[in-house]
Every structure is written in structure tokens, then in C-alpha cells.
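Structure record follows, encoded as C-alpha cells.
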Amino acid sequence: MSASLPGNRELPESQYDLSTYWGRVKQTAGITDPRTLLAGKNGLENAKDLLVKYKNGEIKSMTPELWQAKKIVDSTLHPDTGKPVLLPFRMSCFVLSNLVVTAGMLTPGLGTAGTIAWQVANQSLNVAINNANANKSTPLSWGKIAQSYCLAVGASCSVAVGLNSLVPRLKRVSPATRTILGRLVPFAAVATAGALNVFLMRGEEMRTGIDVFPVLSESDKAKLAAEGKAENDVPSLGKSKKAATIAVSETAVSRVLNSSPIMVVPPLILVQLQKTEWLKKNPKLTTPVNLGLILGMSYIALPLALAAFPTRQRIGADKLEEEFHGRGGADGMVVFNRGI
């Protein structure tokens, strides 16, 4: 993320008001914009060079070109490490990466083995995304990652197979209702396991805590700039388990908020479309139409869900562990990276 770039002049956090939900939606829409994936290595380096010039005072004010550069950098670099997130696991690639797995899970007549195989693939992707975009102040060991991965896959497969076997046994519901429930099964499994996956993959954060930092006032920022330092040079106040619990819980909720409309809306629309003469005459188009509906809803739902909570979360220091009481910055506040 742009805050990790060298220079003692702070970049504006956003061109939108991040204290409002719609401001965060607009900001998140930029970070999740798949067009940023086309920038490539050269585009990223050019964007970084522009932002460094601004931070060093060579460029005096933000321009549309600089905002675009910040968008590329923020969607590519991890805010804690300053290193690029592997392309398939960036939030700008989230919809496209998940669409591949979704297409597999929607394959007709999968059976138990096929359902399990695609749930394994789905949870493998979730593990990679959650790990790549988590708060990195508490890194996971490979052993912890493997343990969390196995638990997440086991839970997901249990939900998916259980729901798949339950729907055909619902004798008292109409065939149309069973069809709708059957279409909802893969997504119900995704929503349940997706939230669980976040807790399992980031459980170490809640056990050991994540770094929290004082919120800097304008005078604090000016003092740092005079000393040739940047905001990211401010040392951590320590690791807070309460902050970690908030970060992980909010991320899990955002995953459910993201998958819920995708889980409900496309299957219900498809059921209605299948009643039309056009789709009855072209049954082979059912899967492409379904994937198109999922793709469109995914791009709508993702920024709306991720913006439910700020990425950089602020909280009163006195609401955390006692060791942080009275140590907050401006207005007694501290800030931490929630992760995405």
C-alpha cells in the first residue's frame, strides 16, 4: 500500500470521505477494480515512482494521474509488508479467481466426490486469499497454516455434503422448491465455510494480538515531517488481542455479506429464466447465463461488503487492554490494519 513508500510527506488516505459508508464503497471499488491487474510490473513501478515524488515534495498536489497511481499501488501492495500480493489472491482478482471455482461447483451431477473436490479447491483458494490479505504483524507458521487449512476444508465439505444429502429428503416440499434449495446448496456451503475459514486462518491473531498505533494529529504529522520521518515510522504501541478479535470478526462478517447476495439472487433469477421459451430452447446456455449472473452480482456485492467496516480501523485506546489505556493519540484513539 502507498503508506509503505519512502518519503516524509503523507499521501491523502483517499479522495473520498472514509468516515461514511458510501465513501468507503467508492474507495473499495477502486481497490477491487480488475483493471488494476493490467498495470503489470512496469505499471506498478511507474505508479510507485509518481507517489514517491509526491511524498518527497517534487509534485505539489494530487492530480487524476496521481490518484490512479495510488489506486494501482493500494490494490497491489500489502499495507503491512509493502510487498505485492500474489496476483490471483489480490482483492482486485477476487471475483475472477472465485468464478473459476464457482463454475466447477455448479457443474451438474457432481456427486459426493465431485462436491468434495470442488469444496477442497474453493477452501484452498479461500485460505490463500485470507492469508495473503491478513494483518501481517502476527505471521503464521507453515504448521499453523496447514492446520487451519485442514480444519477449514473439513468444515466446508461437511456442510456441502450434508446439505446436498438433505435436500432430496425433503419430500413435503414441491419439486420447484427443491430445485431452488438445490441451487442454494453450493453457496450456503461457501458462506458458512467462508466465515469459518477467516476465523481458522486468522485465529493466531486473536491468540497473540496485532499491532496497534496511535492516531496522529496534524501537529504530530507536521513534527514527523520536520524530522524527516513518515507516519509509518511511528512504532507500535504493542499487540492487542481485542483489536485482533475485532479485525477478524469484521472480516468474517464482510465475507458473509459478500457471499449472501451471490448465494441468493442469481439462483432465483435463473429459476425464472428457465421458464422462458428462450432458455427452454437453448438449455446449453443455462450454465453460461448462471455464471454471467454470478459474475455481475459478484462485482456489485464485493465493494458493498468490504466497505461495511473500515480497512484501517480506529478505536479508543481505553476500549482495549489495560496496557493501552491513556496511550492513544489524537482524541485518545488508536488505529490498526483490519485486513481485507
Checking the table LYS83/LYS223; LYS55/LYS144; LYS144/LYS221; LYS53/LYS242; LYS26/LYS53; LYS71/LYS275 against a 31 Å threshold on Cα-Cα, which pairs fail? LYS55/LYS144; LYS144/LYS221; LYS53/LYS242; LYS71/LYS275
Would any residue of the stretch 289-314 have its amide N under 12 Å from a label point 7 Å out along Cα→Cβ of VAL265? List them or say none. 293-305
Once R0 is set to 35 Å, what does the formula 1/(1 + (r/R0)^6) return for the Cβ-Cβ distance between ASP49 and TRP142, expressed as a FRET efficiency to the nearest 0.05? 0.50
Determine the distance separating the Cα centre of the stretch 210-284 from the Cα centre of the stretch 60-110; give it in Å without decimals. 12 Å
In sequence order, calculated HN-Hα J values of the stretch 272-288 (Karplus, 6.51, -1.76, 1.60; Hz; x Gly/Pro): 5, 5, 5, 8, 7, 4, 4, 6, 5, 7, 10, x, 5, 7, 4, 5, x
So if R0 is 35 Å, what FRET efficiency would TRP278 and TRP22 give, r being the distance between their Cβ atoms, rounded to the nearest 0.05? 0.45
Using 0.36 nm times the number of residues separating ALA330 and ARG314, minus their current alpha carbon distance, what extension gain do you get? 4.7 nm
Looks like the stretch 1-80, by Cα gyration tensor root eigenvalues a ≥ b ≥ c and the a/c under 1.5 rounded cutoff (else prolate when a/b is bigger than b/c, oblate otherwise), is oblate
Quick one: accessible area per residue over the stretch 274-336, 1.4 Å probe, rounded to a whole number of Å²? 56 Å²
So, R0 is 45 Å and r is the distance between the beta-carbons of VAL100 and ALA226; what FRET efficiency does that work out to, to 0.05? 0.35
Average Cα contact separation per residue, the chain, under 8 Å, 6 or more apart, as relative contact order %: 20 percent
Residue-wise HN-Hα coupling along the stretch 44-51, computed from phi with Karplus coefficients 6.51, -1.76, 1.60 (Hz; x: Gly, Pro): 5, 5, 5, 5, 4, 4, 4, 5
Length added when fully stretched, SER14-SER165, from 0.36 nm per residue minus Cα-Cα: 49.6 nm
THR245 versus SER4, label points 7 Å from Cα toward the beta carbon: distance in nm? 2.9 nm
So how much slack lies between LEU86 and GLU58, counting 0.36 nm per residue of separation and subtracting their Cα-Cα distance, in nm? 7.0 nm
At 1.4 Å probe size, with every protein chain present, just tell me what the per residue accessible area of the stretch 45-144 comes to in Å². 45 Å²
Using a probe of 1.4 angstrom, how much of the accessible area of the chain is carbon and sulfur, in percent? 61 percent
Explain nothing, just compute: Karplus ³J(HN,Hα) = 6.51 cos²θ - 1.76 cosθ + 1.60, θ = phi - 60°, for every residue of the stretch 59-66 in order, whole Hz, x for Gly and Pro. 10, 7, 9, 6, 10, x, 5, 5
For ASP331, ASP220, the accessible-area ranking with a 1.4 Å probe, largest leading, is ASP331, ASP220
Please give the peptides 27-36, 309-318, 103-112, 57-66 ranked by average Cβ packing (other Cβ atoms within 10 Å per residue), highest first, as a rough proxy for protection. 27-36, 309-318, 103-112, 57-66
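The values are calculated or read from the model by the stated rules, or taken from the named source; none is laboratory data. This one's a predicted model, so the numbers in the text were calculated from it and none came from an experiment. A quick note on method: Cβ atoms are made from the backbone with ideal geometry, for glycine too, and the neighbour counts reach across all protein chains shown. Ligands, DNA and RNA are excluded from the accessible area calculation, which covers all protein heavy atoms including side chains. Shrake-Rupley method; radii C 1.70, N 1.55, O 1.52, S 1.80 Å.
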